[in-house]
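One structure below.
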Amino acid sequence: MQLTAADWVVVLTYGAIVLAVGLFFARRAGKGTDEFFLAGRKLPWWLLGTSMVATTFSTDTPNLVTDMVRTGGVSSNWLWWAFVITGMCTVFFYAKLWRRSGALTDMAFYELRYSGAPAAFLRGFRALYLGVFFNVMIMATVTLAAIKIGGVLLGVGKYEVVLLAGTVTVLYSATSGLWGVVVTDLMLFVVAMVGSVAAAYYALIQPEVGGLTGLMSAPELQGKLSFLPDFTDWRTAAAVFIVPVAVQWWSTWYPGSEPGGGGYVAQRMLAARNEKEAMGATLWFNVAHYALRPWPWVLVGLASLLVYPSLESIQLAFPHLDPSIVRNDLAYPAMLVFLPHGLLGLVVASLAAAYMSTISTHLNWGASYVVDDFYRRFINDWEEDRHYVTAGRITTVGLIILAGMVSLWLENALQAFQILLQIGAGTGLVFLLRWFWWRINAWSEVAALLVSFSVALYFQFIHGALGLPALDASLQLVIGVAITTVGWVTVTLLTPPAAEETLRGFYKEIRPFGKGWRKRLSLGPQDPGPQAGGVAAGFLGWFLGLGAVYGALFGTGFILYGSLGTGMVCLVVAALAMAGIFRILPRVGMA
């Protein structure tokens, strides 16, 4: 389906505005690495939080949700809904600690917390491992979604999409720095939300769907509408609910949902004006990400099952598409062809906005790792600051080239999602405990990374080659978590802790909770320690945060399903929980 002149006017206007913003902030970003990567640490909570939401509002996200809904029903979204637990934990326990550290990147944390050559090695290794490998995988997934959208809506091939989308985004990212990224993210979030709601509306009014009433009563969807899985089918229930809620949220490192915060979430917290703003940013991010955005995507996914009941029907509707990319996640862009012209242009602009907001953040974040935590730290540390800004811009170009190449190898969004979950399985617990358990050292994290990666490689390439029976992704994850946890705990107990001087410096700077620190460092009564009552307030805030998000999420869902009374009860619970959060935030924020 080709865009009309009206559609192109909308798309090009959006593109011109974004590029103008990038050029406007180019001079400011070029002043130094603190400006280029952290916007001078002067950003307010609402702008930072919206930027995080926009970053996770990627072109692959609606495709991924559609894939989940089509293959496992609405309840399969617990694979990512469970990360609310992680997010709220970050809000009430870790956001203020990250901002207090004063690091340029979360990789710099390693030489604040650990000591000697192991700390330096870990910083450099993780910088390349996350900044290049993990980062490229995420960007490749996003680019794969852009390929599918471009194939359906524009009729262009995958090479053209990779070249055009990558070139435009890298020009914008390499010039504007974090200031340009977060300012445009605000605009991108609004445009993307309008686009997703419009897509849901036009999906529902299709004759095959018959509105919300027709959707909810369709025989083909019975068994796919429930918010919870069928617990009589324990295999499915374990895969989509029990494992995510009981294990996945604390054990698995996944970009945007890192246990204890990390990656671009940590970058945003470090860019906040102060600790209070860092907490506010992560709170707004979790509310908007999990409570405001999912339902338009879910509705499109459900409607697509009535319009395109099989992969064959999608291929039949779009015969020009490469069969290798026709998977369930393609159903989302396939539903967009029903939009009227003009509005179609807005939706295409919203998807371009989603693409650019995610890719630009990952480029800026990944470049900060490569430049500040590897190149500047280990190769060249004597140049002026502007030199490293230039190096960051060159790195940005290299990362987008790698991402484009990997995107041509991937087939669907769920494939990449499961690969990344497995690679990070078992590492999350060490990231949660390293702030509070003094015994954890650099070798603990090295062991966690190497073991989890080795287990993921085994399941991906070796297990099947040995002729062994295939295992569910959830079982693979649990096995990976168990092996990795045993591995890093064993290494922790067999290796010495960080140097006493380093531990004292970390405690003095961060003031973490836990009597173990004071006992290990022989701190007497004269040490005030963390503010009394902060831990209890933090746990209460965590609990209320879950009530607020899940109450809003399911309250909206019940109303859409036609259960007005139940939906209103859930929304009241969400409102009361949010009121409670605002009352305890001052106590949680005390250091």
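The values are calculated or read from the model by the stated rules, or taken from the named source; none is laboratory data. Remember, it's a predicted structure, so these values are computed and weren't measured experimentally. Here the Cβ positions follow ideal geometry from the backbone for every residue, glycine too, while neighbour counts run over all protein chains shown. Accessible surface areas use protein heavy atoms only, side chains included; no ligands, DNA or RNA. Shrake-Rupley method; radii C 1.70, N 1.55, O 1.52, S 1.80 Å.
Tally time: how many residues in region 316-339 are more than 24 Å from W409 (Cβ to Cβ) and either open to solvent by 30 Å² or more (accessible area, probe 1.4 Å) or part of a helix (DSSP H, G or I) (or both)?
Filtering region 316-339 down to residues more than 24 Å from W409 (Cβ to Cβ) leaves 316-317, 335-339.
This time we only want the ones that are either open to solvent by 30 Å² or more (accessible area, probe 1.4 Å) or part of a helix (DSSP H, G or I) (or both), so: 316-317, 335-338.
Number satisfying all stated conditions: 6.
If you go through region 296-315 and keep only what is farther than 21 Å from S75 by Cβ and either at pLDDT 95 or above or open to solvent by less than 10 Å² (accessible area, probe 1.4 Å) (or both), you end up with just I314. A residue that is surrounded by 24 or more Cβ atoms within 10 Å (Cβ to Cβ), among the aliphatic types (A, V, I, L, M) and under 30 Å from R504 (Cβ atoms) cannot be found anywhere in region 148-169. Selection of region 46-68 for residues being closer than 12 Å to A353 by Cβ, part of a helix (DSSP H, G or I) and either hydroxyl-bearing (S, T, Y) or open to solvent by 10 Å² or more (accessible area, probe 1.4 Å) (or both) yields only T55.
Might you check whether a residue that is modelled with pLDDT under 95, of a type in the set (G, A, S) and within 29 Å of the chain's Cα centre (by Cα) occurs anywhere in region 519-527? No, there is no match, as no residue in region 519-527 is modelled with pLDDT under 95, of a type in the set (G, A, S) and within 29 Å of the chain's Cα centre (by Cα). Among the residues making up region 348-374, those that are of a type in the set (F, W, Y) and at pLDDT 80 or above are Y369, F374. Here region 489-509 is the region considered, the condition is being among the β-branched types (V, I, T) and part of a helix (DSSP H, G or I), and the residue that is surrounded by the fewest Cβ atoms within 10 Å (Cβ to Cβ) is T490.
Within region 392-432, the only residue that satisfies the criterion of being modelled with pLDDT of 85 or more, in contact with a strand residue (DSSP E or B) (Cβ under 9 Å, 6 or more places away or on another chain) and either in a helix (DSSP H, G or I) or among the charged types (D, E, K, R) (or both) is G428.
Among the residues of region 378-394, write down those that are open to solvent by 30 Å² or more (accessible area, probe 1.4 Å) and either among the polar types (S, T, N, Q) or in contact with a helix residue (DSSP H, G or I) (Cβ under 7 Å, 6 or more places away or on another chain) (or both).
Looking only at region 378-394, we keep the residues that are open to solvent by 30 Å² or more (accessible area, probe 1.4 Å), and these are 378-379, 381-387, 390, 393-394.
Once the filter is applied, which keeps residues that are open to solvent by 30 Å² or more (accessible area, probe 1.4 Å) and either among the polar types (S, T, N, Q) or in contact with a helix residue (DSSP H, G or I) (Cβ under 7 Å, 6 or more places away or on another chain) (or both), region 378-394 yields F378, D385, T390, R393.
A search for C-beta distances below 6 Å between a residue of region 569-587 that is closer than 18 Å to V91 by Cα and any residue that is acidic (D, E) and modelled with pLDDT of 90 or more, counting only pairs 6+ apart in sequence or on different chains, returns nothing. Kindly establish whether V190 is surrounded by 12 or more Cβ atoms within 10 Å (Cβ to Cβ), free of Cβ contacts under 8 Å to residues at least 12 places away in the same chain and at negative phi. Considered against the rule, which asks whether it is surrounded by 12 or more Cβ atoms within 10 Å (Cβ to Cβ), free of Cβ contacts under 8 Å to residues at least 12 places away in the same chain and at negative phi, V190 comes out as yes. Among residues of region 142-154 that are modelled with pLDDT of 70 or more, none has a beta-carbon under 6 Å from a residue that is surrounded by fewer than 24 Cβ atoms within 10 Å (Cβ to Cβ) and hydroxyl-bearing (S, T, Y) at least six positions away or on a different chain.
Residues that are open to solvent by 10 Å² or more (accessible area, probe 1.4 Å) and either more than 30 Å from A334 (Cα to Cα) or of a type in the set (S, T, Y) (or both) within region 76-86 comprise just one, I85. Looking only at region 433-452, residues that are outside any loop (DSSP other than H, G, I, E, B), in contact with a Phe, Trp or Tyr (Cβ under 8 Å, 6 or more places away or on another chain) and surrounded by fewer than 21 Cβ atoms within 10 Å (Cβ to Cβ) come to 1 in all. Within region 379-391, the set of residues being of a type outside the set (S, T, Y), at pLDDT below 80 and under 30 Å from T143 (Cβ atoms) comprises just one member, V389.
For region 458-478, a residue qualifies if it is of a type in the set (A, V, I, L, M), under 29 Å from the mean Cα position of the chain (by Cα) and surrounded by fewer than 14 Cβ atoms within 10 Å (Cβ to Cβ), and the qualifying residues are I462, A470. Restricting M88, M107 to those that are touching a Lys or Arg at 6+ places or on another chain (Cβ under 6 Å) and touching a residue at least 40 places away in the same chain (Cβ under 8 Å) reduces the list to M107.
Among the residues of region 236-260, write down those that are modelled with pLDDT of 85 or more, of a type in the set (G, A, S) and in contact with a helix residue (DSSP H, G or I) (Cβ under 7 Å, 6 or more places away or on another chain). Across region 236-260, the qualifying residues are A238, A239, S251, G260.
If you check L122, L79, L112, which single one turns out to be part of a helix (DSSP H, G or I) and under 17 Å from the mean Cα position of the chain (by Cα)?
L79
One residue alone among V481, V486, V455 is without any contact (Cβ under 8 Å) to a residue 60 or more places away in the chain and buried (at least 19 other Cβ atoms within 10 Å of the Cβ), and that residue is V455.
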